[in-house]
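*Asks:* I am attaching a structure below and will ask some questions about it afterwards.
The values are calculated or read from the model by the stated rules, or taken from the named source; none is laboratory data. Keep in mind that this is a model prediction, so the values were computed, not measured. Quick reminder, even Gly has a Cβ in these numbers, built from the backbone with ideal geometry, and neighbours come from all protein chains shown. The area values use the complete protein model at the heavy-atom level, side chains included, leaving out ligands, DNA and RNA. Shrake-Rupley method; radii C 1.70, N 1.55, O 1.52, S 1.80 Å.
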Amino acid sequence: MSKYLIDRTTKPKYRVRKDDFSDGLNIMEFFCDTIQGEGINIGQPSVFLRLQGCTLDCVWCDTEWRLGSRFAFEQIFELMEKSRFSVIEKFAKGHHLILTGGSPLKQQHSLMDFIDAFDRRYNFRPTIEIDNECVLDPDDEFFQYVDVWTNSPKLSSSGMKRQVRYKPKVLETMSHIHDRIVCYKFVVSCVEDWEEIQMDFIDPGYVKTCDIILMPLASTLAELEKNRPFVIDLALQHGVRYSTREQLVLGLP
Ligand code: SF4
């Protein structure tokens, strides 16, 4: 499982301008033949496009989002076409394209151009899920590009200052999306985290409990096994969904 089209050793083949949205993406890694390991679409066959850069710097972050290079759309398409992994066919069969990071919305204009270019070239669009840290406001136009919004607002346990990580305006915007799947995945490190979820997200009316997913803080299988019992208890107590991190169980990236 998990075959890489772009990894840390992949070098950009074409020169692309940093200030031009329409011809390149800053990518950390790009891999296929894997499953979504967490959240609402757990188990879904997927292709992950992990974008470089993040708006936050959480103390427990397990993603090396500073790494990566700028790749021209042309090179990304060539990699998909020339690889022996049949990525285009996989998208056509239903594998999701997961746009993750870091903060994918930092590159939302380039992503729109990339998806349009994909559509022109192959005459279809893959189903697109986005992992949103819920700090940046999506452009109005971007909504039509995304089928599943997985928002992961960060709590005080992230170590980030409240004014940096808690963005009521973004939550307000997300609460008005009704024609797409929208869920809120909270990384939980202790039982007290629930009070913050209740006070900052549920009580002001930004998030409904039916859209909440609690996921244990874990970057190793041992941490997952240690933290999941209390997170499952919290989920049962409050009538919300629990998610494992199956990638840790299966040793996926
Ligand atoms: S938002 Fe996610 S990727 Fe960014 S620093 Fe926090 S945990 Fe890491």
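*Asks:* Looking at segment 67-105, which of its residues are among the small types (Gly, Ala, Ser) and under 23 Å from residue 16 (Cα atoms)?
*Replies:* Within segment 67-105, 68, 69, 72, 83, 101, 102, 103 qualify.
*Asks:* Pick from segment 126-150 the residues that are more than 15 Å from the ligand (Cβ to nearest atom) and among the acidic types (Asp, Glu): which of them is nearest to residue 202 (Cα to Cα)?
*Replies:* Ranking the candidates gives 137 first.
*Asks:* Only one of these conditions is not met by residue 46: (1) within 13 Å of the chain's Cα centre (by Cα); (2) open to solvent by 30 Å² or more (accessible area, probe 1.4 Å). Which number is it?
*Replies:* All conditions are met except number (2).
*Asks:* Same structure again: Quick one: residue 154 ticks every box in (1) of a type outside the set (Val, Ile, Thr); (2) out of contact with any Lys or Arg (no Cβ under 9 Å at 6 or more places or on another chain); (3) not in a helix (DSSP H, G or I) except a single one, so which number is it?
*Replies:* Going through the list (1) of a type outside the set (Val, Ile, Thr); (2) out of contact with any Lys or Arg (no Cβ under 9 Å at 6 or more places or on another chain); (3) not in a helix (DSSP H, G or I), residue 154 breaks only (2).
*Asks:* Looking at 188, 182, can you tell me which residue is under 23 Å from residue 244 (Cβ atoms), modelled with pLDDT of 95 or more and away from the ligand (no atom under 16 Å from the Cβ)?
*Replies:* Step by step, each of 188, 182 is checked, and only 182 is under 23 Å from residue 244 (Cβ atoms), modelled with pLDDT of 95 or more and away from the ligand (no atom under 16 Å from the Cβ).
*Asks:* Out of (1) open to solvent by 40 Å² or more (accessible area, probe 1.4 Å); (2) among the acidic types (Asp, Glu); (3) touching a residue at least 24 places away in the same chain (Cβ under 8 Å), what's the single condition that is false for residue 89?
*Replies:* That leaves (3) as the condition not met.
*Asks:* Here's another thing I want to ask about it. Within 16 Å of the ligand (Cβ to nearest atom) and not hydroxyl-bearing (Ser, Thr, Tyr) - does that describe any residue in segment 77-97?
*Replies:* no
*Asks:* Among what's in segment 79-109 and is of a type in the set (Ser, Thr, Tyr) and at pLDDT below 95, pick the residue that is nearest to residue 30 (Cα to Cα).
*Replies:* Per the stated criteria, the residue is 83.
*Asks:* Might you let me know whether segment 151-168 holds any residue that is more than 16 Å from the ligand (Cβ to nearest atom) and modelled with pLDDT of 95 or more?
*Replies:* Looking for residues that are more than 16 Å from the ligand (Cβ to nearest atom) and modelled with pLDDT of 95 or more, one finds at least one in segment 151-168, hence yes.
*Asks:* How many residues does segment 102-121 hold that are open to solvent by 40 Å² or more (accessible area, probe 1.4 Å) and away from the ligand (no atom under 16 Å from the Cβ)?
*Replies:* 6
*Asks:* Just checking, how many residues over segment 49-76 are within 17 Å of residue 130 (Cβ to Cβ), in a strand (DSSP E or B) and open to solvent by 10 Å² or more (accessible area, probe 1.4 Å)?
*Replies:* Qualifying residue count, segment 49-76: 1.
*Asks:* Shifting gears a bit: Among the helices (runs of 4 or more DSSP H) confined wholly to segment 186-253, which include 3 or more residues that are without any contact (Cβ under 8 Å) to a residue 40 or more places away in the chain?
*Replies:* Answer list for segment 186-253: 221-238.
*Asks:* So which of 97, 79 is part of a helix (DSSP H, G or I) and in contact with a strand residue (DSSP E or B) (Cβ under 6 Å, 6 or more places away or on another chain)?
*Replies:* On inspection, the qualifying residue turns out to be 79.
*Asks:* Let me ask something else. In segment 55-74, what count of residues is obtained for those that are within 9 Å of the ligand (Cβ to nearest atom) and under 30 Å from residue 122 (Cα atoms)?
*Replies:* Residues meeting the conditions: 1.
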